[in-house]
Amino acid sequence: MKLHHAPGSRSTRIVWLLEELGLPYDIQFHKLGDRAMRSAEYLKVHPMGRVPALEDNGVVIHESGAIVEYILTRYGAGRMLPDVKSPLYAQYLQWLHYSEGMMMPQVNVIMVETVFLPPERRNEVNVDRATKLLTRSLDAVELQLENGEEFLAGEFTGADIMTGHACIAAKRLNADMSEKPNVAAYVDRLTSRTAYKKALQANPD
Ligand SMILES: N[C@@H](CCC(=O)N[C@@H](CS)C(=O)NCC(=O)O)C(=O)O
């Protein structure tokens, strides 16, 4: 498997997953903001010139959530994935998709308005609104974890890779966690995992 990865981006999710599963993989490194990500060659891999993308035995797949599902169903041997007949399966799918559907749009706005745009084009109103919405999106995660659950769908699953990573990003972007002790503890639990720490170390030399 060859993973297209840019450190500090969503593709960290896939490195994390591969490390959790102990699967072998190669990384082709990219740099966020680098024009090479829009080269004709890379656009054949990812038509939007984004990461992550995965190449595997002639298959090319992008969208981090789809890649998580692909790896787990193809290579996970039942790990990190509730049985399809279990009620946890619906919960798993819900939290797998919650991150890109409800959280990451706000993360994108904050990143664009605080990092990517030149200072004269930044808009604080957009940042404030996105930060408030991002903080609100964490309420649902707080509720899910309020009965002492450690993870979003039973055992640690692909849903924690997806929405857990979005919670980690939210904390980094100053979403207010003061009234969300369960989310704060969840983020600590995830970031202390060995596989997560290894994923952060995936950098070009
Ligand atoms: N929904 C997509 C989002 C992919 C995406 O926007 N990736 C960002 C990194 S977090 C990217 O590649 N940005 C580079 C760019 O826009 O040039 C996914 O989950 O894979």
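For residues that are under 15 Å from the mean Cα position of the chain (by Cα), of a type outside the set (Ser, Thr, Tyr) and surrounded by 14 or more Cβ atoms within 10 Å (Cβ to Cβ), tally how many sit in region 156-192. I'd like the intermediate steps shown before the answer.
In the first step, residues of region 156-192 are kept if they are under 15 Å from the mean Cα position of the chain (by Cα); the result is 156-173, 186-187, 190-191.
If we keep only those that are of a type outside the set (Ser, Thr, Tyr) too, we end up with 156, 158-162, 164-173, 187, 190.
Narrowing further to those that are surrounded by 14 or more Cβ atoms within 10 Å (Cβ to Cβ): 156, 158-162, 164-171, 173, 187, 190.
Number satisfying all stated conditions: 17.
Scan region 1-54 for residues that are within 23 Å of Gly78 (Cα to Cα), of a type outside the set (A, V, I, L, M, F, W, C), in contact (Cβ under 8 Å) with a residue 60 or more places away in the chain and crowded, with 21+ Cβ neighbours inside 10 Å and the total you get is 3.
For every residue, the table says whether it meets (1) touching a Pro at 6+ places or on another chain (Cβ under 8 Å); (2) in contact (Cβ under 8 Å) with a residue 60 or more places away in the chain.
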| position | (1), (2) |
| --- | --- |
| Ser137 | no, no |
| Ala140 | no, no |
| Phe151 | no, no |
| Thr157 | yes, yes |
| Ile161 | no, yes |
| Leu173 | no, yes |
| Ser178 | no, no |
| Tyr196 | no, yes |
| Ala202 | yes, yes |
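Ser99 meets all of the listed conditions (1) more than 9 Å from the ligand (Cβ to nearest atom); (2) assigned by TED's automatic domain parsing to the domain that holds Lys132; (3) among the small types (Gly, Ala, Ser) but one, namely (1). If we scan region 101-121, do we find a residue that is surrounded by fewer than 13 Cβ atoms within 10 Å (Cβ to Cβ), at pLDDT 95 or above and farther than 26 Å from Leu173 by Cβ? No, the conditions are met nowhere in region 101-121. Taken as a whole, region 24-45 holds no residue that is of a type in the set (A, V, I, L, M) and under 14 Å from the mean Cα position of the chain (by Cα).
For region 46-72, the set of residues classified as under 15 Å from the mean Cα position of the chain (by Cα) and either within 7 Å of the ligand (Cβ to nearest atom) or part of a loop (DSSP other than H, G, I, E, B) (or both) consists of Arg50, Val51, Pro52, His62, Glu63, Ser64, Gly65, listed by residue number. Restricted to region 81-96, and to residues there that are touching a Ser or Thr at 6+ places or on another chain (Cβ under 7 Å) and either outside the structural domain of Phe151 (by TED's automatic domain parsing) or more than 20 Å from Ser11 (Cβ to Cβ) (or both), the residue that is farthest from the ligand (Cβ to nearest atom) is Pro82. Taking region 124-153 as the range and being over 19 Å from Arg13 (Cβ atoms) and in contact with a helix residue (DSSP H, G or I) (Cβ under 6 Å, 6 or more places away or on another chain) as the test, the residues that pass are Asn126, Val127, Ala130, Leu133, Glu142, Leu145, Glu146.
Is it fair to say Glu142 is assigned to a helix (DSSP H, G or I), modelled with pLDDT of 95 or more and not assigned by TED's automatic domain parsing to the domain that holds His30? Considered against the rule, which asks whether it is assigned to a helix (DSSP H, G or I), modelled with pLDDT of 95 or more and not assigned by TED's automatic domain parsing to the domain that holds His30, Glu142 comes out as yes.
If you go through region 1-43 and keep only what is part of a helix (DSSP H, G or I) and aliphatic (A, V, I, L, M), you end up with Ile14, Val15, Leu17, Leu18, Leu21, Ala36, Met37, Ala40, Leu43.
The values are calculated or read from the model by the stated rules, or taken from the named source; none is laboratory data. The structure presented is a predicted model; accordingly, all values stated were derived computationally and were not measured. Here the Cβ is made from the backbone with ideal geometry for all residues, glycine too, and neighbour counts use every protein chain on show.
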